[in-house]
Every structure is written in structure tokens, then in C-alpha cells.
1. Hey, how many Å between the Cα centroid of segment A:159-184 and the Cα centroid of segment B:499-528?
2. Quickly work out the residue A:138-to-residue B:146 label distance, labels modelled 7 Å from Cα along the C-beta direction, and quote it in nm with one decimal.
3. Rank the residues B:607, B:772 as a footprinting-exposure proxy: fewest other Cβ atoms within 10 Å of their Cβ go first.
4. Is there a simple number for the mean count of other chain Cβ atoms within 10 Å of the Cβ of residues in A:181-191, and what is it?
5. Over the whole of B:6-13, what's the average partner chain Cβ count within 10 Å per residue? Rounded to a whole number, please.
6. Quote to one decimal, in nm, the extra length available between residue B:736 and residue B:447 on full extension: 0.36 nm per residue of separation minus the C-alpha distance between them.
7. From the Cα gyration tensor of segment B:688-806, with a ≥ b ≥ c the square roots of its eigenvalues, which class applies: rounded if a/c is under 1.5, or else prolate if a/b is larger than b/c, or else oblate?
8. Can you sort B:264, A:8 by how many other beta carbons sit within 10 Å, fewest first?
């Protein structure tokens, strides 16, 4: 399977230029965790979509104006600040609006009980990281052989002992460990690239 | 080894992998050696460790059981209010049971959906058991089930309060209050164990203290749904779960699921109490994961009272027993642990003394190796002796049903314990290099001990006898026969005054006395002593101890045969010993086997069966390397004998290099003037002589002779042997004036020390005669040769080259 992978750094560079689809690719990459976070913060699906859209637009404007300097902070942190602002604003609107019917906002959630910024940030970090790792794992899956991916998945994600994995996949234990090692190394690399911090990390 | 370590081998080194012999992997030691010397493999190892943290992070995130936290959790019958805690195992929510309005905690397990059917059944069974634990300090399980997306959940009573560590941090409570808090936890654990439920993950975070100060233990039975998985989890997630790692037992860290039982929880309880009392964990949790694991597996924690000076020293003993590496040496039940903690609170004697003294010495030995390692071997011997006695006392106590008897016995025990304890502590203090300089040696320690035992234990002949026996035996092993005999005779005296007669101990002491008598060439006395020892030993019931004792006495018999020149008989006796020890306790069996092999080798050498002798020593050495310390006297003796054989086989260079090494080690262990150093000097000189390095040899002979002249008593036979060897060297160089007085003295000295017709003086006379012959004194030479011949024929057989040599000398005279 051909693997298309671009680092976030490249993607950001393309946002500056005339790549028409760069915006779309950027949105595809970062929308899911933002949406999830908005929902966790008690927004309805429609409100969450709005909040994400607001945030992305604000980001692109600021970015094109050169206000985002990735050496001064990670992309994730930058997006969080914009996102949280947007969610707060939606929540304020929500509180002023007359309640029509029990909606998602009545759902008992962590954040409806404790909506302070620190905890919200913590939750954002979790979602952001989960999305990063999941995306990188999906990429990794396309890059390595199915049996090596399986070896990595079983040993690392599911904590299955190497000997068992070896028996299951018909590999030597050493091959299992090798596969795990290479996959983790690559995953680290992909993670840096995904977060746009690969040069900073080096 | 030049090949780099494979990753699977490195994982083994990190303790993550048991290894598979069918994979053609090298043994752990070999891998370790390679890695220590290979920077590339070290870097790879570092890389693997670095990746651990990332791997656990990935696992946490990518686990299929994760998708909680988006606010969609629904459990029928319960109204979830908020998330209380998120941990490695799952997420805890506060909720209301809709039918009753009761506040509950719901724990949704992260790993539930991964479990196989079998694992799930086992997990459910264990939860069922756990739900039946009825103890005020155990948080009870109300309900369990599966979420719609197939994750397991548990409903527990909601306990409000801080976790144990938080409680301690916020409350300024006394040591006694801490101990009492711990007692409740220990009782809760015992209640669970009685139901067959292990916790496997006891730590402060799993204990909540409620408003009235009562601890409540959480998560019984659900700690791990699969032991193997749990171990893997601790390992793979160690970066994240350092907290858990600190409370994990050595057997958990070793990844040995078969070894995990109730005593695993005892260990964790030990860590808990240690932390409660000192504010510190028993082991430093800093640095790399494998470093932490290694420390837990290898190191002994600091005495708690060295951290918190106000702690009762008995708590050191109690805690160090709970934290023993070997589960068999820990408290066997939580109740037994609690019982000793209560004893400390109530200022009663504790039951844990026995193991801890041995432990302290071991710990001490490890800290100060190698300077006082051997001294500690001696102390261990003493402590072993004391321990055996203490156990006897404790058991007797248990048997005493009547209260007054028990009180008297307890007082007696207390007195004995305190005497033992102070004696032991004083000795330990004296071998502490901090106090006595780095060179405190075993002999000095023994002198101190032997000077005090009689007085300190005058009212307890049982203790006195055993201690003097141990000291006497150690002196013997070190070749200090005079003080050895004094201590052994005193020990025998003390033992004979006891009723009933301690037959085993007495036989053993007599055996050692026979050894001293043999070494000091009183062979007839030795025969009588050994005969008595054998008879006593045969009266004992058959047991491992009895068989070990009999084997040791057989060795003594072999040694006596040897000294009489009955080499074939001696070999047969050692063979009898080897045949008799199969099936003994492994360590004993190995040691006895090594001793028998060494004894056999000595006789084989005399019979000039050098190849067989070398083979025998190699076998012995292989065992000794496994079961004895590097510089143990037995190991050094074996090396010394082996070097002699190498010389005999003409492998002089090899022999010399071993002897130089041995010389250094013996000087280090015994001190520069010890007779063993003299023996090595003599052997080395003899080897140099054989290859013609006469000058150097002469110098070493002189040094050896000077040492033997310093030591009174037995070494005069050593002196005779060394003078003989030096004389032979001069004879070979035709320096007759220098050779003659040495050969003459050697022959006369040995004749005065050994029985008539002993082969050594006979052999010495042959060389003396040879020297006389060279000087032209044919008459004296012929007379000496004629007298020596039948003695050597009897010992060595008439075809032996030494006999042939006599014949050739006689022929020369006749011509």
C-alpha cells in the first residue's frame, strides 16, 4: 500500500502557499480531536462543529498573519487556547438561552461538574495525544508488514508476552522484539512529525 | 564472545524475558559479560529502556478498552455523577444506585474487553470470592457486570476519605498509631487470604482512611485478572507505574507467576509499613527501571531505625523479615506479621529474631565485601548456630501450655536472646571496617569471640558449646590448630555436661578435633576421637543432617588414611562418601562432593595419577565456584592443589600464574604471615625450581621458611617440607654444603613429628642420603636408603618411581 505522509511542518508551510488542498488536509488532520474535546466539554454536536470551525478559521488567520510561531509553543497548545475560548463563548450563550428540552448539555460529564481551565487543558492534552498516536499508528500500519505490525500491536498495545506472539505469528522471539523495537522507533519519529516538532526535538 | 547481543537477549538481561534454550541464545551470564564490554550493546540496552516509557504511553492510549471519557458511559441502574479517579486499571466514577439512592463507586475496567473467556471466568470467580470478604477494613463489592460495550465494571461502596499516604501526610500521628493503623490493614489482608483471595497490588493508593481514621483496603481480587499479564504490565508500564513498582515483590518483578502467593502481599505490606514508619521506600526508586528492579532484587533495605532513630530496633527485624527476597524467609501469614507488630507495641519479644540476624550479617557482608567477607562467613556460622538454638527455644515455648511455664520460658528466652544479640552486635561492630580499619581479619575476630564466649554464656552450656564449636571449627579451617583445639575441647566439655547429650553436635565437634589432631600429626589420638564421633553419629536418626555429618566424618577418616600413607584406602573412603550423599539437600551435597573430590585428588597425586587428580580438582572447582565465595578457604585450597598438579604435569607456566594469583588472594584473606601463604610460597618456589629459576625460588623458599618459623605448633611439618624442597633445589645445583643441613633438618624434623615408618620422613631421608652419597659418605647413604625403601614400598608400591630411584641409588653405591 502506498503511503502518503506529510509532516505537520510541511503542511503548515503549504498553508502559507498556494496549495489549494492544504487547508482541507490540515482540517482533516486536526478536526477529530477538537470535535471530541468540544463534546466532552458539554457542547451539543452542532455547537461542537461550530466551535471547531471557529477555531480553525481563527488559527489560519493568525497563522497567515505570522502570529503563530511554532518555536514559541506547540501547535496543540496554540489550538487549545483558541478552542477553549470558543467553547467558553458557546457555553455562555448556552447558559443565557432558554432550555427547551434536555439536551447533551444536561449529560453528566466530567467538565460540566468541573469546568476549570487546568482540567480542561489536561483533557485536551489527552485527546490530542490520543489522536496523534492513533494517526501515527494508522500510518505505521501502512508502512510495515502485517506480521510485524501485529507483533508490535500484540506486544506493546496488548502486553502479550513475546514468546506467545512469536508462536502465534510464526516468528522467532528475537524477530518479535526487533519488530516491536523498530515500530516504536518509527512511531516516535512519526509522532514528532505529526506534532510539527521534529526539528525542535532533534 | 564477539557477537552482539540480540534484542531478545537484551530483554532477558533486562529481566523481561525468560529466554528459550531452543532459540540458541546464550546464557545470561555470557550475555551480561558481553554487554559490559560492548559499548554498542550498552547503547542498545539504553535505547530499549528509553523506549519503555514511550511504549507504556502508547499502550495506555491505543488500548482498545480506552474509549471512556467522552461522556457516554451508561450503566443501567446507576446514575453516574462524576469521575473520581483514573488509573492504570480503570476509571472510578461516583454514582448513585437508582433503586436505593445509595452513593456508590463504580470502577470500569480498562482491560476487561481484552480478556479471554478463561481469564474472564477466573476474574469473575475471584470477584465472587472477594465479594464474600466480610471485614470492616475491606471495601466491599456490591455488584458487578458488563457495560453495553463489553467492559467489566464493579460497584463498590463509596468510601470518602484520603488515601493512606494522603492521610499520613495530613495527620501528625504517633508511631504507635501508625502501627495500629497497619495492624488493621494486615488483618484485612489476612481475612482476604483466608478466603483465598490475594490482593497483589497493595499500596497506599489502594487504602482509603475514612473520617473515623479506619483504613479500608480497596480492590481485592481485581488487582490482576491474569498474573502473567500483571507482571508484564508492571514491567511494560513501569515508567508510568513506578508507584506500583515500589510495592511489588521480588517474585513479581522477576516475572515468576508461579511464585506469587499470599507472601507476595506480605512483602507489599512490609513496604507499606516501612514507608509508614520511615517516610521512605525501602529501595531507591530513582533512575532506570532495570536499575530499580535490580536494586529491589539484590539489595537489602536500610534498617528502618537508621532512618527514624526513635524506632524500636525490633521493628528493623520485623520489617526486614517481611521484606526478605525469598518468600520462604518472610512471615508466612499476615497474621504472623501482625502478631510481631503487636508484640513491638506491647514490648514483648518478637518471633522474627532468627532470620534477621543471618540477614544482618549477609547485608553487612554485601556492604563490605571483600574486606571482611570472610569474617562474615564466620559470623554467619555463629549466627546459624545461635539461630538453631533460638528456634528450639521458641518451639519449646509453644509446647508449654501452662502459663507459668510459658512465662519462665519466655523470660529465659528473652535473656538468651538479649545475650546473643549483644554478643553478636559487639562482634559485628568489631569487624566493621569503619571501626577497625579495612584489614580486620578473621583470626582477630575469632580471638575476640573465643575470649568472650566462656564468660558471656557461662550459664548456658548449650549456647556456649555451640559457639565454641563454631569458633573452633573456624580456627581449624584457617589452620590455627592450637586455639582451635582449646575451643573444641571446651565445646566438647560443655556438650558432655548436658542432659540429654547433644549427640549430633558432639559428634561434629569430635570430628573437628580429630582433624586438628591429624593436622598436628597425632594420628593415634585422631583415630580414637574419630571412632567416638562415628559411633555417636550412627546413633542419630537418619536425616539429611545425619548423613551430612557422617559424610564429613568419612572425609576425616580419608584424611587420616592419607596421613598414614594409605592412599588407595583414602581414595576408597572418599568414594564411599561420594556414593553416600546422593539426594542430600542440594547445597550440602555440593559442598560435601567438593570436599570429597579435593581429598581424593590429594591421594591421587601421591599415587602420581596426575591426570585423574587434575580432573578431580576441576570437578571440585566447578562446584566451589558455584557454592562458595571466591576466596573461601576451600576454594583456595583446591586452587592450590590444582596448581601443584599442573606442575607435576609439566604445565609449569600455567601453574605459576595460578600460584601467583593464589599467593595474592591468600595474603589478602589470611594476612601476609599466615601458614597458608607460606604453603603457597613453597609451592611457587618449587615450581620455579622445576623450571630452573633457582634464584627466585631460593628467595621464596626463604620467605616461606621465615613464615613457618613464626608460627608455633603444627607448621613445623610445613617447615620441614619447605626446607626439604629448598634442600633438593640446592642438591640439584650441586650446592651440597647448602643442601645437606636443610635436607637433614627436614628429615629429622619430620621424623620427630610423624609416626614411625611414615612415608614422608622416609622420602626425606632418601634425598638426604642422595646428598651424602654425592659427598662420598656411602655407608650412611646405604643405611638410610635401605631403611627407607620398605616404608616407601608400603606406601607407594614397589613399582613406584621413587622406589626405583632408591634402587638406582643403591646400585650406584654397590658399583
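1. Taking the Cα centre of each part, segment A:159-184 and segment B:499-528 sit 62 Å apart.
2. 2.8 nm
3. By the 10 Å Cβ count, ascending: B:607, B:772.
4. 3
5. Across B:6-13, the average partner-chain Cβ count within 10 Å equals 5.
6. The span from residue B:736 to residue B:447 would gain 99.6 nm if fully extended.
7. oblate
8. A:8, B:264
Readers should treat all values here as calculations from the given coordinates under stated rules, not as data from a laboratory. Computed from a predicted model, the values in this text were never measured in an experiment. Methodologically, a virtual Cβ is constructed for each residue, glycine included, from the backbone with ideal geometry; neighbour enumeration extends over all protein chains shown.
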